[in-house]
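Working notes, structure below.
The values are calculated or read from the model by the stated rules, or taken from the named source; none is laboratory data. The structure presented is a predicted model; accordingly, all values stated were derived computationally and were not measured. Virtual Cβ from ideal backbone geometry, glycine too; neighbours counted across all protein chains shown. These area figures cover heavy atoms from the full protein model, side chains too; ligands, DNA and RNA do not enter into them. Shrake-Rupley method; radii C 1.70, N 1.55, O 1.52, S 1.80 Å.
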Amino acid sequence: MAVIKRYRFFLVTILMLGLITLVNQDLGHKALQVTQYSIREMLLIIPPIFILLGLLDIWVPRETMMKYMGEGSGLKGIALAFFIGSAAAGPLYGAFPVAAVFMKKGVKFQNVLIFLGAWSTTKIPMFLFEYGALGARFALTRLLVDIPGIILISSLMAKSVSKEKITALYKQAESL
């Protein structure tokens, strides 16, 4: 019974996919193809991310992460969060395990949010594509709007979330 409860979303999704296929075979077939593509993509991306996370967890001491990205890190922590997020590869769902390890290592909450914002909007390959396809003016303008936007949003979010919730998030990250 615990297995069914744990995998209820997956089981409901499979059931819905079956019902869609019964009603409309073409739509069901297309949905199955999209599902297969997504699973394959995740299987190619998630294992390398977890390997890198394991290495980060072992090789980089907590004190080092706290020094460079922790509470007293200031601009250095913000810059490092931007650099790591911008240089990262992979879809956004790959950023959340990294953020959890950052929290486990004592990275300041605002820097975790900046890292997530940078991963989602300021990636270097995306910037280079925009630069080549849409021009320097567009790419630089977007980047110059995104950077202060990410800092502002992360600051507002860090201030609006209660200390208790942040502490609970950090405890949850510790247990991973």
Check: By how many degrees, 0 to 90 and rounded to 10, does the Cα axis of helix 163-174 deviate from the longest principal axis of the chain?
Finding: 70 degrees
Notebook entry, point to check: If you plug each phi of region 100-114 into the Karplus form 6.51 cos²θ - 1.76 cosθ + 1.60 with θ = phi - 60°, what whole-Hz ³J(HN,Hα) values come out, in order, with x for Gly and Pro?
Noted result: 5, 5, 4, 5, 4, 8, x, 5, 4, 4, 4, 5, 5, 5, 4
Notebook entry, point to check: To the nearest 20 debye, what charge dipole does region 46-131 have about its Cα centre, counting +1 at the Cβ of each Lys and Arg and -1 at the Cβ of each Asp and Glu?
Noted result: 160 debye
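Whenever you get a sec, compute what percent of the accessible area on the chain sits on carbon and sulfur atoms (1.4 Å probe). Working shown, then result.
Values: 8770 of 12000 Å².
Solvent-exposed carbon and sulfur of the chain make up 73 percent of the total.
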Check: With +1 on each Lys and Arg Cβ and -1 on each Asp and Glu Cβ, how big is the dipole of region 70-176 about its Cα centre, in debye rounded to the nearest 20?
Finding: 160 debye
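Averaging sequence separations of C-alpha pairs under 8 Å and six or more residues apart, then dividing by the length of region 1-106, give the relative contact order as a whole percent.
Numbers: 43 pairs, mean separation 25.9, N = 106.
Computed over region 1-106, the figure is 24 percent.
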Notebook entry, point to check: How much accessible area per residue does the chain have, in Å², with a 1.4 Å probe?
Noted result: 68 Å²
Margin query: Here are a few candidate values for Rg and Dmax of the Cα atoms in Å: [x] 15.8, 44; [y] 30.1, 96; [z] 19.8, 59. Which one was actually calculated from the structure I just gave you?
Written below: [z]
Check: From the backbone phi of region 19-29, what are the Karplus-calculated ³J(HN,Hα) couplings (6.51 cos²θ - 1.76 cosθ + 1.60, θ = phi - 60°) in whole Hz, Gly and Pro given as x?
Finding: 5, 4, 5, 5, 6, 9, 4, 5, 5, x, 5
Item checked: Charge dipole (region 49-176, unit charges on Cβ, about Cα centre) - positive-most of Leu113, Ile150, Ser73 -> Ser73
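Which pairs, out of Lys67/Lys108; Lys5/Lys105; Lys123/Lys165; Lys5/Lys30, put more than 20 Å between their alpha-carbon atoms? Could the numbers behind the result be given before it?
Working: Lys67/Lys108 10 Å; Lys5/Lys105 32 Å; Lys123/Lys165 29 Å; Lys5/Lys30 28 Å.
Too far apart for the 20 Å limit: Lys5/Lys105; Lys123/Lys165; Lys5/Lys30.
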Note to self: Below 13 Å, Cα to Cα, which aspartates and glutamates can Lys104 reach? Residues fewer than 8 away in the same chain don't count.
What the structure shows: Asp57, Glu63, Glu174
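Which whole-number percentage describes the relative contact order of region 45-176, with Cα contacts under 8 Å and a sequence gap of 6 or more?
Numbers: 127 pairs, mean separation 33.7, N = 132.
Relative contact order here is 26 percent.
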